[in-house]
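Values quoted throughout were computed directly from the atomic coordinates according to the rules given, and no laboratory measurement underlies them. Just so it is clear, the structure is predicted and the values come from calculations on it, not from any experiment. Glycine also receives a Cβ, built like all others from the backbone with ideal geometry; neighbour counts cover every protein chain displayed.
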Amino acid sequence: MVGALVAGLLCTTGLAAPALATPATDVAVPALADGLALTPPMGFNNWNSTHCRAEFNESMVKGIADLFVEKGLKDAGYQYVNLDDCWALPSRDADGKLVADPARFPDGIKAVADYVHAKGLKLGVYTSAGTKTCDSVGFPGALGHEYSDARQFADWGVDYLKYDNCNNQGVDAKSRYTTMRDALQAASRETGRPIVYSICEWGENKPWQWASDVGHLWRTTGDISDNWGSMLSILKQNLPLAPYAGPGHWNDPDMLEVGNGGMTDTEYRSHFSLWSVMAAPLLIGSDLRKATPATFDILANKEVVAVDQDPLGKQGTVLSSEGGRWVVAKEMKDGSRAVALFNETGGAQRVATTAAAVGLPAAPGYTLRDLWQHRSYNTAGAISATVPAHGTVLVRVSAGHGWAQQPPAVELGLDGNPLVEAGGPATLTTSVTDLGRTTARRVAVTLSGPAGWTVRAASRTTAPAVPTGRSLRTKWRLTAPEGTATGSYDLTLRATYRSPRGVLVESVLPVTASVVVPPPPGTSSLGDLPWMSAANGYGPVERNTSNGESAAGDGHPITLGGVVHAEGLGVHAASAVEYYTGKKCETVTADVGVDDEKGDRGTVAFEIWADGAEVASTGVLTNTMPAQPVSADVRGAEVVRLVVTDGGDGIDSDHADWADARLSC
């Protein structure tokens with residue numbers, strides 16, 4: 001509840017518009033008049049999970065179609081089972097026709113299409129608007145073969161084409177993509193087979209400005225990767241483009257990574273929530289034959305899918321984004337609003353807005369539906385939640401009758417994140433706040449911790465009633481046993497209350513406590529000190545080496561402008577590394593820049609934060625610039641956070657160094 005509310009395609013080179021460079025709010029957008037893709041396409045694409053490996057074959061594709069039916073994904077709205085690169089032989093036949101790889105697809109593409117169609121589903125294929133596709137083998141592209149290939153696809157029973165941008169010979173993008181549009185339309189007239197047309201030119205030529213009557217969707221960014229930094233960067237590039245999306249013409253921030261293993265379930269729920277509120281195509285990128293129940297629970301959430309598939313066709317817009325606390329609201333056809341409260345930071349944060357701010361009319365009360373907990377409440381107008389790190393609370397809020405039948409929404413909150421030194425007491429204050437128009441009655445709150453921890457209330461834990469806008473606040477004393485290892489530990493804040501009608505309601509907020517040790521006196525290298533948390537855009541944060549690639553320990557000597565540094569941190573945007581300073585430290589210093597290992601590529605910006613306030617920043621740095629000194633006064637801070645952002649142009653090659661980073665205490 002709110003308050004417990006807690007490709008294919010190797011499209012690797014394209015970058016889109018700078019984050020939050022918002023265009024005009026009203027954009028005249030033409031659209032194809034064929035009645036296709038009136039809501040964002042939903043389906044599957046194999047690329048993110050298999051690339052060109054041998055497991056991508058006829059058996060897999062049929063198995064995915066079977067699972068769509070068996071696991072309720074078809075009922076949830078998923079239609080397309082799409083093949084990515086490597087389905088064809090490397091050469092055309094003597095007549096210039098494409099040939100399916102007989103090792104992968106022994107029965108041919110038409111037989112696969114027939115199988116998929118028999119399940120009540122649709123089939124998609126892939127090619128490139130160039131002489132060859134993107135895979136290193138270089139399968140035949142469609143440049144110069146558009147009409148022949150389009151007719152072949154239609155004859156096979158293909159329903160969806162994803163059209164990449166590799167090996168394009170420098171031919172104008174709009175011309176190449178328009179030619180294939182005309183070819184698909186001609187094939188449709190001749191065969192009666194309509195084909196949804198997905199443009200994948202990576203956002204390089206701003207297709208949102210010219211492609212709405214060329215294709216049904218267009219990629220706005222380079223390829224997504226299965227990590228938090230990649231998802232976050234793509235989100236920020238796609239959000240400003242809301243005015244260009246609508247029925248039959250959609251912004252496409254690339255396929256879903258949900259279930260591929262590189263993010264937590266909390267992060268995957270954020271990924272799915274945010275793609276849905278952006279009215280993005282929902283193309284599953286994980287191998288469903290290996291998916292966990294949690295993955296199916298996320299992908300098959302019909303209430304979240306309904307946000308994406310709303311027939312009004314509005315993409316959600318950003319109402320606020322201060323301090324990593326995002327509010328994104330989407331107007332729905334029935335007059336309600338879907339509202340995503342998103343926390344991009346590494347610690348729990350309160351994210352808040354109001355019914356008026358999201359565009360709802362004045363009303364005595366509102367119905368608030370939590371789309372992940374599948375529960376409804378009433379609110380007097382407040383929409384707020386304590387959102388866990390990297391989490392999203394997704395609600396649907398409506399004015400009108402019916403709100404009084406629901407119990408009041410309550411928000412569970414806490415003052416800061418609990419930091420505990422093992423063997424010593426720590427304090428934490430929690431709150432239970434009534435957001436509803438009605439009064440929460442017989443309110444009781446408990447806090448439980450790990451085995452062996454002492455958790456005691458130091459103030460009252462019950463209240464006979466908590467009226468609208470009022471809170472029950474409770475102070476707690478926590479003690480972790482002597483010798484408890486540093487790291488994160490789970491606590492649970494639980495509140496129960498009764499609605500005016502006597503209905504018992506329970507609200508739960510997961511709380512993360514960090515066991516920490518104070519930094520040593522004097523000056524220390526941050527590459528040698530333990531951190532509280534570390535998030536990185538590609539691979540792990542590396543100590544005293546560059547970021548390197550995706551594996552731990554694969555970095556190189558930190559090198560900025562040809563100068564090698566023996567100590568520091570190697571990261572990749574977007575990244576954040578937090579250190580406990582315990583109000584005992586004075587300064588942070590470092591030499592920062594883009595590591596030489598990426599040649600002349602990469603743009604980043606460095607920030608130092610002290611207890612939630614930015615205390616130093618560099619602005620955007622490029623690889624051509626020498627190392628820049630940065631220092632910050634962090635006196636009085638409990639936590640210092642080192643942040644690297646992508647410079648506003650995506651995270652490609654953004655290897656960043658905190659060289660000779662030191663903390664003085």
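Residues within the reach of a label modelled at residue 503 (point 7 angstrom out along Cα to beta-carbon, backbone nitrogen below 12 Å), restricted to the stretch 395-439, are 402-409.
Legend: calculated FRET efficiency, residue 322 to residue 54, from the Cβ-Cβ distance at R0 = 35 Å, rounded to 0.05, equals 0.10. The convex hull drawn around the Cα atoms of the stretch 42-308, when projected onto a plane and averaged over every direction, covers 12.9 nm². Our Cα-only numbers for the stretch 149-212 put the radius of gyration and Dmax at 12.1, 33 Å.
Relative to one another, the C-alpha centroids of the stretch 104-169 and the stretch 513-551 are positioned 46 Å apart. Between residue 206 and residue 512, full extension at 0.36 nm per residue minus the direct alpha carbon distance yields a gain of 106.0 nm.
Near residue 310: Cβ cut-off under 15 Å, other residues only, Lys/Arg at +1 and Asp/Glu at -1. The net charge is +3. The rule of thumb for compact globular proteins, 2.2 N^0.38 Å, goes into the C-alpha radius of gyration of the stretch 312-427 1.18 times.
Take the alpha carbon atoms of the stretch 411-516, find their radius of gyration, then divide it by 2.2 N^0.38 Å using N residues; give the quotient. Mind dumping the intermediate values first?
On the way: Rg = 14.8 Å, N = 106, 2.2 N^0.38 = 12.9 Å.
Against the empirical 2.2 N^0.38 Å value, I get 1.14 for the stretch 411-516.
Summing Lys and Arg as +1 and Asp and Glu as -1 over all other residues whose Cβ lies under 15 Å from the Cβ of residue 508 gives a net charge of -2.
Gain in length, residue 191 to residue 169, computed as 0.36 nm per residue apart minus the alpha-carbon separation, to one decimal in nm?
4.9 nm
Rounded to two decimal places and with Rh computed the Kirkwood way over Cα pairs, what is Rg over Rh for the stretch 180-324? With Rh from the inverse mean 1/r over Cα pairs, Rg/Rh is 0.99. Taking Rh as the Kirkwood radius computed over C-alpha pairs, what is the Stokes-Einstein D of the chain at 20 °C in a medium of viscosity 1.002 mPa s, expressed in µm² per second? Rounded, D is 81 µm²/s. Would you mind getting me the FRET efficiency between residue 628 and residue 429? Use the beta-carbon distance for r and R0 = 25 Å, nearest 0.05. Step by step, r from the Cβ atoms, then E = 0.05. If one puts a single equal scatterer on every Cα of the stretch 178-243 and applies the Debye formula without solvent, what log₁₀ I(q)/I(0) results at q = 0.14, 0.23 Å⁻¹? One equal scatterer on each Cα of the stretch 178-243 leads to -0.51, -0.96. For the residue pairs 236/598; 122/333; 119/206; 236/333; 74/314, the C-alpha atoms sit more than 29 angstrom apart in 119/206.
Residue 456 sits among other residues whose Cβ lies under 11 Å from its own Cβ, and their net charge, with Lys and Arg +1 and Asp and Glu -1, is +2. Adding -39500 (n - 2.57) for every DSSP H run of four residues or longer, then dividing by how many residues the chain holds, sets the calculated 222 nm ellipticity at -4500 deg cm²/dmol. With both labels modelled 7 Å from their Cα along Cα-to-Cβ, the residue 477 to residue 422 distance reads 2.2 nm. Considering every Cα-Cα pair within the stretch 513-663, what fraction, in whole percent, is farther apart than 24 Å? Summing the P(r) tail past 24 Å for the stretch 513-663 gives 23 percent. Between residue 459 and residue 600, full extension at 0.36 nm per residue minus the direct alpha carbon distance yields a gain of 44.9 nm. Compute the Rg/Rh shape ratio of the stretch 362-423: radius of gyration over Kirkwood radius, all on alpha-carbon atoms. Result for the stretch 362-423 is an Rg/Rh of 1.13.
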